[in-house]
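**Q** Can you read through this structure? Questions will come right after.
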Amino acid sequence: MEKIVINGGKPLCGAVNISGAKNAIAAILPATILAQDVCRIENIPNISDVTYTVGILNSLGAETKLINRNTIEIDTSKVHTYMVSHEQTKHMRASYYFIGALLGRYGRARVAMPGGCNLGVRPIDQHIKGFELLGASVSIEENAIIDAHAASLTGSPVYLDIASVGATANVMLAAVKAKGLTIIENAAKEPHIVDLANFLNTMGADVRGAGTDVIKIRGVELMHGCSYAVIPDQIEAGTYMVAAAAAGGDVLIQNVIPKHLESITAKLQECGITVEEYDDSVRILSNGRPQKCSLKTMPHPGFPTDMQPQMTVLLAIAEGTSYISDGVHENRFRYVEQLTRMGASIKVDGKLAVVEGVEQLKGAPVLADDLRAGAAMLIAGLTAVSGTTEIENVQYIDRGYEDVVAKLRALGADITRVYAPEPNRLAKVV
Ligand code: EPU
């Protein structure tokens with residue numbers, strides 16, 4: 001069993017480069033199926049979610065070639081099936097993007113239900129509603145396989161009951177080759193939605209309005225290959241920002257889009273942390289104890305739910321009492337139990353956590369319950385001034401953080417991965 005071992009209490013200093021965005025590439029890789037051609041994608045994060053997704057593309061008949069550690073070429077001209085098995089989808093929530101992409105290409109998709117982090121019940125009714133409005137018949141067989149088919153897809157207004165990231169992207173994927181105009185209302189506005197739209201347009205699609213809550217997609221007959229670079233990961237950047245704020249120090253976080261980080265920057269400043277913004281980097285300067293602040297997670301441009309566990313660690317050592325409310329997912333406070341083992345004082349009542357700041361955390365053996373819970377454990381371990389933190393279930397952290405141990409060690413952290421080095425994940429599947 002692999003573990004990450006941290007002896008905390010050391011400030012972080014230096015510079016760190018942020019990788020490509022996990023939740024953008026999660027939709028962009030399946031979208032290549034629509035091109036029936038060769039796409040070259042740069043700034044791919046070397047994370048296990050990408051490994052799984054490339055594995056699915058390969059099993060569908062795509063030819064993939066790794067050009068270098070973060071660039072891949074994908075030829076989807078020989079994709080020959082619309083079926084994706086449970087074995088392939090069980091690791092990842094984003095496997096549901098194969099439904100939209102295969103439906104868009106073939107008018108048919110049979111994809112097993114998605115896996116992914118356990119954040120409570122995560123329905124996909126809005127995805128299904130969108131496919132049905134485009135003219136597809138969708139059934140869920142034995143609660144396990146989603147079967148969608150359409151003689152032809154026709155553009156339609158799609159009003160989403162909630163601004164779901166997954167449903168917005170999936171409807172876009174299915175609609176780009178449908179006949180006529182699709183209008184998604186109450187669309188998600190996250191940066192990765194805009195990145196997917198830009199990628200689809202680079203392949204010849206006609207998608208407008210991404211980044212607002214109305215997205216218009218005029219179907220095109222043909223799409224083609226392209227060359228594209230994925231945006232930097234907002235949440236990886238935010239995680240290093242909070243890590244530097246919590247552990248103290250002076251860290252330059254490079255290859256970021258500061259606009260995407262504004263809600264995180266604002267909260268850190270409320271806590272008394274200095275954040276300097278440059279064109280494509282942010283610098284965090286932190287010493288002394290942070291101040292309390294309260295936050296509520298919201299869809300973009302609100303404070304992202306994917307940063308909530310990391311921020312809770314900062315507030316756990318802040319002066320004063322903070323209130324954190326997270327209603328995006330059903331249950332995103334499971335990790336609190338682990339933090340209390342490290343001395344945090346946090347009470348959870350449904351979707352609200354009350355955090356009484358303590359002076360310091362102490363190292364302890366903990367579990368990464370899911371991806372961002374794992375990020376929170378890393379930050380807690382870096383912050384703990386006494387004892388050693390041993391994090392188990394590191395496979396969750398590998399889903400979304402490229403070379404996290406090496407990146408933190410380069411910033412001066414005393415952190416080791418025990419039993420195996422960080423692998424070059426893409427090289428294993430391509
Ligand atoms: N929901 C429904 N019906 C739907 C879709 C969503 O009820 O049809 C509800 C569920 O409760 C769900 C919540 O709305 O939990 C949020 O769903 P959304 O579709 O917005 O999120 P997602 O597609 O499941 C993506 C990210 C998550 C991120 C959320 C919110 C990917 C692969 N995953 O999930 O990322 O938390 O958007 O921003 O893009 C992570 O990176 O750690 C992560 C969990």
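The values are calculated or read from the model by the stated rules, or taken from the named source; none is laboratory data. Given the structure is predicted, the values throughout are model-derived calculations rather than measurements. Ideal geometry is used to build each Cβ from the backbone, glycine not excepted, and the neighbour counts take in all protein chains shown. Protein only, heavy atoms only, side chains kept; ligands, DNA and RNA dropped before computing areas. Shrake-Rupley method; radii C 1.70, N 1.55, O 1.52, S 1.80 Å.
One line per residue, one yes/no per condition, for (1) in the same structural domain as Ser294 (by TED's automatic domain parsing); (2) under 22 Å from Ala24 (Cβ atoms); (3) open to solvent by less than 30 Å² (accessible area, probe 1.4 Å):
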{"site": "Lys179", "(1), (2), (3)": "no, no, no"}
{"site": "Val207", "(1), (2), (3)": "no, yes, yes"}
{"site": "Ala247", "(1), (2), (3)": "yes, no, yes"}
{"site": "Leu261", "(1), (2), (3)": "yes, yes, yes"}
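**Q** Related question: Which residue, of Gly14, Gly9, is small (Gly, Ala, Ser), part of a loop (DSSP other than H, G, I, E, B) and at positive phi?
**A** Unique residue meeting the criteria: Gly9.
**Q** So, one more: Restricting to helices (runs of 4 or more DSSP H) lying wholly in region 80-193: which have 1 or more residues that are more than 8 Å from the ligand (Cβ to nearest atom), under 25 Å from Gly400 (Cα atoms) and at pLDDT 95 or above? Before you say what the answer is, go through the steps one by one.
**A** Numbers: elements: 86-89, 97-106, 125-133, 165-175.
Where helices (runs of 4 or more DSSP H) fall fully within region 80-193 and carry at least 1 residues being more than 8 Å from the ligand (Cβ to nearest atom), under 25 Å from Gly400 (Cα atoms) and at pLDDT 95 or above, they are 97-106, 165-175.
**Q** Would you point out the residue of region 29-48, among those that are of a type outside the set (D, E, K, R) and in a strand (DSSP E or B), that is surrounded by the most Cβ atoms within 10 Å (Cβ to Cβ)? Break it down stepwise before answering.
**A** Initially, region 29-48 is screened for residues of a type outside the set (D, E, K, R), giving 29-36, 38-39, 41, 43-48.
If we keep only those that are in a strand (DSSP E or B) too, we end up with 38-39, 41.
Working: Val38: 18, Cys39: 26, Ile41: 24.
Looking at residues that are of a type outside the set (D, E, K, R) and in a strand (DSSP E or B), I get Cys39.
**Q** Follow-up question, since we're still on this one. Identify, from the list Ile56, Ile18, the residue that is within 15 Å of the ligand (Cβ to nearest atom) and under 14 Å from the mean Cα position of the chain (by Cα).
**A** It is Ile18.
**Q** So Leu222 fits all but one of (1) open to solvent by 10 Å² or more (accessible area, probe 1.4 Å); (2) assigned to a helix (DSSP H, G or I); (3) without any contact (Cβ under 8 Å) to a residue 40 or more places away in the chain; what number is the exception?
**A** (2)
**Q** Could you count how many residues in region 165-204 are at positive phi and either among the aliphatic types (A, V, I, L, M) or under 23 Å from the mean Cα position of the chain (by Cα) (or both)?
**A** Looking only at that region, the number is 1.
**Q** Next up: For region 157-170, check the following and say yes or no: at least one residue is of a type in the set (Ser, Thr, Tyr) and open to solvent by less than 50 Å² (accessible area, probe 1.4 Å). It would help to see each step written out before you state the result.
**A** So in region 157-170, the residues of a type in the set (Ser, Thr, Tyr) come out as 159, 164, 168.
Among the residues that remain, those that are also open to solvent by less than 50 Å² (accessible area, probe 1.4 Å) are: 164, 168.
Checked against the condition, which is being of a type in the set (Ser, Thr, Tyr) and open to solvent by less than 50 Å² (accessible area, probe 1.4 Å), region 157-170 yields at least one hit.
**Q** Of all the residues that make up region 269-312, how many are assigned to a helix (DSSP H, G or I) and either within 11 Å of the ligand (Cβ to nearest atom) or surrounded by 23 or more Cβ atoms within 10 Å (Cβ to Cβ) (or both)?
**A** Residues flagged as assigned to a helix (DSSP H, G or I) and either within 11 Å of the ligand (Cβ to nearest atom) or surrounded by 23 or more Cβ atoms within 10 Å (Cβ to Cβ) (or both) within region 269-312 amount to 8.
**Q** Further question: Going through Asp369, Asp398, Asp403 one at a time, which residue ends up being more than 16 Å from the ligand (Cβ to nearest atom), open to solvent by 10 Å² or more (accessible area, probe 1.4 Å) and among the acidic types (Asp, Glu)?
**A** Of the residues listed, the single one that is more than 16 Å from the ligand (Cβ to nearest atom), open to solvent by 10 Å² or more (accessible area, probe 1.4 Å) and among the acidic types (Asp, Glu) is Asp403.
**Q** Considering only region 8-17, I want to know if a residue exists there that is over 26 Å from Val418 (Cβ atoms), assigned by TED's automatic domain parsing to the domain that holds Arg417 and surrounded by fewer than 24 Cβ atoms within 10 Å (Cβ to Cβ).
**A** Yes, there is a match, as at least one residue in region 8-17 is over 26 Å from Val418 (Cβ atoms), assigned by TED's automatic domain parsing to the domain that holds Arg417 and surrounded by fewer than 24 Cβ atoms within 10 Å (Cβ to Cβ).
**Q** Return a yes/no flag: does region 394-407 have any residue that is at pLDDT 95 or above and among the polar types (S, T, N, Q).
**A** Among the residues of region 394-407, not one is at pLDDT 95 or above and among the polar types (S, T, N, Q), which makes the answer no.
**Q** Residues in region 100-148 that are free of Cβ contacts under 8 Å to residues at least 12 places away in the same chain and among the aliphatic types (A, V, I, L, M): how many?
**A** 1
**Q** Filter region 109-127 down to the residues that are in contact with a strand residue (DSSP E or B) (Cβ under 7 Å, 6 or more places away or on another chain) and open to solvent by 30 Å² or more (accessible area, probe 1.4 Å), then identify the one that is farthest from Ser48 (Cα to Cα).
**A** So, considering only residues that are in contact with a strand residue (DSSP E or B) (Cβ under 7 Å, 6 or more places away or on another chain) and open to solvent by 30 Å² or more (accessible area, probe 1.4 Å), the one farthest from Ser48 (Cα to Cα) is Arg110.
**Q** I'd like the full set of residues that are open to solvent by 30 Å² or more (accessible area, probe 1.4 Å), of a type in the set (A, V, I, L, M) and away from the ligand (no atom under 15 Å from the Cβ), limited to region 194-205.
**A** none
**Q** If you take the residues in region 313-351 that are within 16 Å of the ligand (Cβ to nearest atom) and assigned to a strand (DSSP E or B), which one is least open to solvent (accessible area, probe 1.4 Å)?
**A** Filtering region 313-351 for residues within 16 Å of the ligand (Cβ to nearest atom) gives 313, 324-335, 350-351.
After this cut, where a residue has to be assigned to a strand (DSSP E or B) as well, the list is 324-325.
Details: Ile324: 0, Ser325: 29 Å².
Checking each candidate, the answer is Ile324.
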